[in-house]
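Heads up, the thing below is written out as structure tokens.
The values are calculated or read from the model by the stated rules, or taken from the named source; none is laboratory data. Quick caveat, the model's predicted, so the values are computed rather than measured. Heads up, the Cβs are rebuilt from the backbone with ideal geometry, glycines too, and the neighbour counts pull from every protein chain shown. Side chains are part of the model used for accessible areas, which takes the heavy atoms of the whole protein and leaves out ligands, DNA and RNA. Shrake-Rupley method; radii C 1.70, N 1.55, O 1.52, S 1.80 Å.
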Amino acid sequence: MRRRHVGWLTGAAAAALVAAGAATYAVAEDTGGGPAVRTPAAESADAGFARDMAVHHQQAVEMSYIVRDRTQNAEVRRLAYDIAQTQANQRGMLLGWLDLWGLPKVSAKPPMSWMGMGDMPERGDGSLMPGMATDTELKKLQTLSGKQAEVLYLQLMTDHHKGGIHMAEGCVARCTVGVEKRLAQGMVDAQQSELQVMAQMLKERGSAPRS
């Protein structure tokens, strides 16, 4: 059963990479195309989501490569590889759209302001948005190995996905560029499926999500 889950994820990751490539070209059409392209405003939901999710994804990639070096378990390593590849590709798309739109990749406003959450209390210690791990948690992951590393990674990534899903749902509701909204909905669907897989993997290791 476990092999079927991870095999499905590997196929889903490959499909996501192909779809992402098509979406990169489609975004120009969604914003009008040609010399008079209508682009989102710098502080729009479209730009805010692209900036914030690019940061959020970068940490997921980092965590995934850390655990690949800390365990020999094939199932966890495949899951980590799928997450790293998919989110690195999506991050490139998001940053590429900001370039296409001629918009800055950083904002003076706090993260999540485009969702009306700019005044949320900060967790601190490197955790910039909901679901993000702290610097202390990342350092701890780097010290663990085997089952302990697997459990912490799955717990951190579960939290990370929950925060990412919340942000992606915000884009689905607020973004105006069709291809970006579709990408965000794809993130919601894929990460919800991965949450189920990770919950089962934690159960098999005698553990559970942290929240």
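With respect to being at pLDDT below 95, open to solvent by less than 70 Å² (accessible area, probe 1.4 Å) and at positive phi, G102 falls outside the description. Every test in (1) part of a loop (DSSP other than H, G, I, E, B); (2) more than 21 Å from Q85 (Cα to Cα) is passed by M132 save one, and that test is (2).
Could you identify the single residue in G96, G92, G48 that is open to solvent by less than 20 Å² (accessible area, probe 1.4 Å) and in a helix (DSSP H, G or I)?
The unique qualifying residue is G48.
Residues of the stretch 129-179 that are in contact (Cβ under 8 Å) with a residue 12 or more places away in the chain, among the polar types (S, T, N, Q) and out of contact with any Pro (no Cβ under 7 Å at 6 or more places or on another chain): Q142, S145. Taking the condition at pLDDT 50 or above, assigned to a helix (DSSP H, G or I) and more than 22 Å from G178 (Cα to Cα), does Q59 pass? The answer is yes for Q59.
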